[in-house]
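Single-structure report; data block below.
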Amino acid sequence: MNTEIKNTILTTDKDAQYDESAKRLLGQKSILAHILVKTVDEYAGMDPKDVVPYIEGEPFINTVPIETGFTNTVIKNDESLVVGLNSENPELHEEMIRFDIIFYVRMKDGLSQIIINVEAQKDEPNGYDILNRAIFYVSRMISSQKERDFSNSNYNDIKRVYSIWVCMNMPENSLEHIHLVKDSIVNSHAWKGKLDLVNIVMIGLAKELPKHEEKYELHRLLGALLSQDLTANEKLDIIGNEYAIPMEKDFREDVSIMCNLSQKIKETGIETGIEMGKREMIMKMYNKGYTAAQIADVAEMDEKKIKDIIKNAELLTV
């Protein structure tokens with residue numbers, strides 16, 4: 001296996017590990033509380049510490065499938081059967097797309113619930129429009145409530161849903177709430193129902209970390225948490241000292257793991273770039289009439305390896 005292919009495989013593996021670490025960090029209740037305070041009206045102005053107790057149980061991280069028929073599962077509860085979110089072992093259906101993070105949070109009345117989904121994106125995708133995907137996710141969050149949160153035609157029991165997208169490497173910091181609105185075209189009627197059931201929040205994070213000010217408070221926290229440039233100590237300093245977030249052992253370990261993976265991804269990328277540069281130079285010399293022996297002498301490489309590179313390049317052009 002040549003170095004370029006090997007490095008690509010290693011980078012892909014490290015990218016996957018990096019994504020998992022990012023999801024675990026975002027899934028920390030203390031981080032989720034900060035997100036809720038800035039994105040859900042119910043918790044606006046609250047101290048994030050006071051929001052943490054409203055988050056029910058442990059958030060499901062990369063376990064609940066999005067596909068129809070797989071989001072829910074039947075759970076045996078004493079002598080009855082209860083429908084709940086499907087948190088099966090992801091290895092059983094590896095090909096399935098899953099919610100990055102999904103959980104229930106109680107409202108301040110202690111009774112009503114909201115379903116929250118948080119998704120992390122390293123870049124805005126090229127193959128599709130991200131807002132279309134977000135609409136699909138909130139649609140599934142609504143439809144999957146059938147038999148889990150409401151039954152038959154009891155549509156008034158549908159819970160409000162939020163799909164919150166944290167998008168990195170954006171041109172600027174942004175925060176937008178996308179939701180249903182009513183436009184009266186011919187007269188107006190007070191139709192019964194809740195327009196606030198479906199909510200999408202798009203959080204854009206610029207590459208450069210903003211200063212700590214109220215407007216960009218959430219952006220600075222998430223930017224520091226997910227940064228590929230800050231060291232573990234720099235991240236922990238910002239998160240712990242500026243946001244008073246408890247630095248538990250698991251949290252520290254995940255921050256450290258993510259920083260190490262980020263560094264390895266960079267190093268592997270540099271190695272891949274160097275390898276590609278060498279191959280390009282070798283083929284330019286070969287196309288100008290230099291022999292494998294002459295190229296090996298200039299490149300300070302084994303002649304056999306030079307011949308292999310030339311052979312592989314010629315096969316690719318056939």
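Couple of notes before you dig in:
- Test: residue in the stretch 153-164 that is touching a strand residue (DSSP E or B) at 6+ places or on another chain (Cβ under 7 Å) and farther than 19 Å from GLN113 by Cβ: no
- Among the residues of this structure, ALA206 counts as one that is modelled with pLDDT of 90 or more and under 18 Å from the mean Cα position of the chain (by Cα).
- Residue within the stretch 49-56 that is touching a strand residue (DSSP E or B) at 6+ places or on another chain (Cβ under 8 Å), modelled with pLDDT of 65 or more and loosely packed, with under 12 Cβ neighbours inside 10 Å present: yes
- A count restricted to the stretch 203-219 and to residues that are assigned to a loop (DSSP other than H, G, I, E, B), touching a residue at least 12 places away in the same chain (Cβ under 8 Å) and either crowded, with 16+ Cβ neighbours inside 10 Å or touching a helix residue (DSSP H, G or I) at 6+ places or on another chain (Cβ under 8 Å) (or both) stands at 3.
- Subset tally (residues that are under 22 Å from the mean Cα position of the chain (by Cα), within 16 Å of GLU253 (Cα to Cα) and of a type outside the set (A, V, I, L, M, F, W, C)) for the stretch 229-239: 3
- Condition check for ASP78 on (1) at pLDDT 85 or above; (2) at positive phi; (3) among the charged types (D, E, K, R): one failure, at (1).
- Cross-chain or 6+ apart pairs with Cβ under 8 Å, the stretch 227-242 first and more than 18 Å from LYS49 (Cα to Cα) and hydroxyl-bearing (Ser, Thr, Tyr), then at pLDDT 85 or above and part of a helix (DSSP H, G or I): SER227/LYS235
- Exactly one residue out of SER144, SER112, SER139 is surrounded by fewer than 20 Cβ atoms within 10 Å (Cβ to Cβ) and modelled with pLDDT under 95: that is SER112.
- Considered as a group, the residues in the stretch 162-202 that are surrounded by fewer than 13 Cβ atoms within 10 Å (Cβ to Cβ) and polar (S, T, N, Q) include one that is nearest to SER227 (Cα to Cα), and that residue is SER184.
- Pair list, Cβ < 6 Å and 6+ apart or interchain, from the stretch 150-174 residues that are farther than 15 Å from VAL198 by Cβ and touching a residue at least 60 places away in the same chain (Cβ under 8 Å) to residues that are buried (at least 19 other Cβ atoms within 10 Å of the Cβ) and of a type in the set (Val, Ile, Thr): VAL166/ILE203
The values are calculated or read from the model by the stated rules, or taken from the named source; none is laboratory data. Model, not experiment: these values are computed from the prediction. Reconstructed Cβ throughout: ideal geometry from the backbone, glycine too, with neighbour counts over all protein chains shown.
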